[in-house]
Structure formats: structure tokens, C-alpha cells
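Peer 1: I have a structure I would like to understand better, so I am pasting it below and will then ask my questions one at a time.
The values are calculated or read from the model by the stated rules, or taken from the named source; none is laboratory data. Given the structure is predicted, the values throughout are model-derived calculations rather than measurements. Cβ placement follows ideal geometry from the backbone for every residue including glycine, while neighbour counts extend to all protein chains displayed. Heavy atoms of the whole protein, side chains included, go into the accessibility calculation; ligands, DNA and RNA do not. Shrake-Rupley method; radii C 1.70, N 1.55, O 1.52, S 1.80 Å.
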Amino acid sequence: MASKDQPKQFIPLNIAVLTVSDTRSLDDDKSGATLAERLMAAGHTLAAREIVTDDIEAIRAIIRRWIADDGVDAIITTGGTGFTGRDVTPEAIEPLFEKRMDGFSIAFHMMSYGKIGTSTIQSRATAGVAGATYIFCLPGSPGACRDGWDGILAAQLDYRTRPCNFVEIMPRLDEHLRRSKS
């Protein structure tokens with residue numbers, strides 16, 4: 001079980017939040033607000049927050065911009081992970097992954113199963129790494145965002161979490177891009 005190494009200093013990350021929805025605005029975006037509130041309460045910085053329609057190219061444009069931004073360490077999306085015709089977040093983002101994070105989806109579904117039972121299979125939560133940026137795609141409900149943050153991301157995005165966490169390997173995420181081609 002994970003624990004906190006208290007003598008270690010917390011390292012705040014710059015995290016961007018993207019809500020994928022055809023119907024939400026910043027005024028009524030409860031899921032994006034939930035993520036923003038939780039990440040800031042944990043000591044991280046909200047690097048950016050936007051809402052985009054369920055459109056593959058529009059989603060990719062924002063994600064690519066944030067991947068290229070040295071001021072964004074991680075991206076969390078909410079929405080568009082279901083099975084309706086408009087749910088296209090995995091189709092938009094997974095092709096950008098250099099490495100998939102299959103364990104995130106497994107952990108998310110295990111946690112969700114305890115709360116919502118077999119309804120968890122209606123989510124295509126996914127995660128990966130692109131351009132040395134972590135990307136996590138959560139369902140669009142505030143409850144799923146709370147569960148994803150509280151149950152997985154809060155610990156993995158905290159440098160003090162033992163036995164391991166994502167923060168400690170961040171400096172090495174792009175080492176394949178820095179190797180000489182000799």
C-alpha cells in the first residue's frame with residue numbers, strides 16, 4: 001500500500017484541465033471545477049482550464065498545444081469517454097500517446113466497481129504519456145473525477161508517495177528524445 005515519505009518536500013506540478021462537452025460552460029462545468037479545486041487544494045498549480053466540444057480535431061489541437069507547453073506537466077480531461085456517438089476523447093487522445101498507461105484504466109475500473117458495480121464498464125478511462133507530459137482521461141461525472149483524483153492521481157502526482165510515483169520519473173520521461181543518434 002502506498003504511503004507518504006514525510007521528510008520529502010512536496011513538488012507542485014502544473015496541471016491543465018480539459019472538459020470535453022457539447023453542453024457545458026465554465027459556469028456549469030462541475031467536473032472540471034472538481035478537478036481544478038482538488039488539484040489546487042493538493043498544492044499543485046492549475047496551468048490552464050478549457051472546455052472543448054466533442055470533436056476529435058478540436059480536442060487534439062488543445063492537447064497538442066499543452067503537450068508542447070513546458071509549463072504543463074500533466075493534463076487531466078473529463079468527459080467523452082463513454083460509448084455514445086459523440087464520445088470521442090479516447091479516439092482523439094490515444095493516438096498522441098508515446099506510451100500507454102494501461103494500469104490507470106485498470107485501477108480506475110477496480111475502484112469504480114466498488115462504487116458503481118458493473119456500470120464501470122461504460123467508461124473508457126485511459127491514460128498515457130506524450131512529449132514528457134502525463135495525460136489522464138476521466139469520465140464526465142463529478143463523482144468519477146473525485147474518484148479518479150482522490151483514489152489514484154492525488155497519490156501518483158505527489159512526490160512523497162512511496163513506493164513510487166510519477167513525479168520522481170518526470171526528469172527521465174523525455175530521455176529518448178535527448179539521446180544522441182550515434
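Peer 1: With the condition kept exactly as written, say whether any residue in segment 33-45 is within 21 Å of PRO90 (Cα to Cα), modelled with pLDDT under 95 and surrounded by 17 or more Cβ atoms within 10 Å (Cβ to Cβ).
Peer 2: For segment 33-45, residues within 21 Å of PRO90 (Cα to Cα), modelled with pLDDT under 95 and surrounded by 17 or more Cβ atoms within 10 Å (Cβ to Cβ): absent.
Peer 1: Taking only pairs six or more apart or across chains, which ones have beta-carbon atoms under 7 Å, a first residue in segment 144-163 that is β-branched (Val, Ile, Thr), and a second residue that is crowded, with 19+ Cβ neighbours inside 10 Å?
Peer 2: From residues that are β-branched (Val, Ile, Thr), the pairs are ILE152/PHE104; ILE152/PHE108.
Peer 1: Moving to a separate point now. Residues in segment 77-85: is at least one in a helix (DSSP H, G or I) and open to solvent by 50 Å² or more (accessible area, probe 1.4 Å)?
Peer 2: Narrowing segment 77-85 to residues in a helix (DSSP H, G or I): none.
Within segment 77-85, not a single residue is in a helix (DSSP H, G or I) and open to solvent by 50 Å² or more (accessible area, probe 1.4 Å).
Peer 1: Still on this structure: Any residue that is closer than 26 Å to ASP174 by Cα, touching a residue at least 40 places away in the same chain (Cβ under 8 Å) and not in a helix (DSSP H, G or I) - is there at least one of those in segment 24-45?
Peer 2: Looking for residues that are closer than 26 Å to ASP174 by Cα, touching a residue at least 40 places away in the same chain (Cβ under 8 Å) and not in a helix (DSSP H, G or I), one finds at least one in segment 24-45, hence yes.
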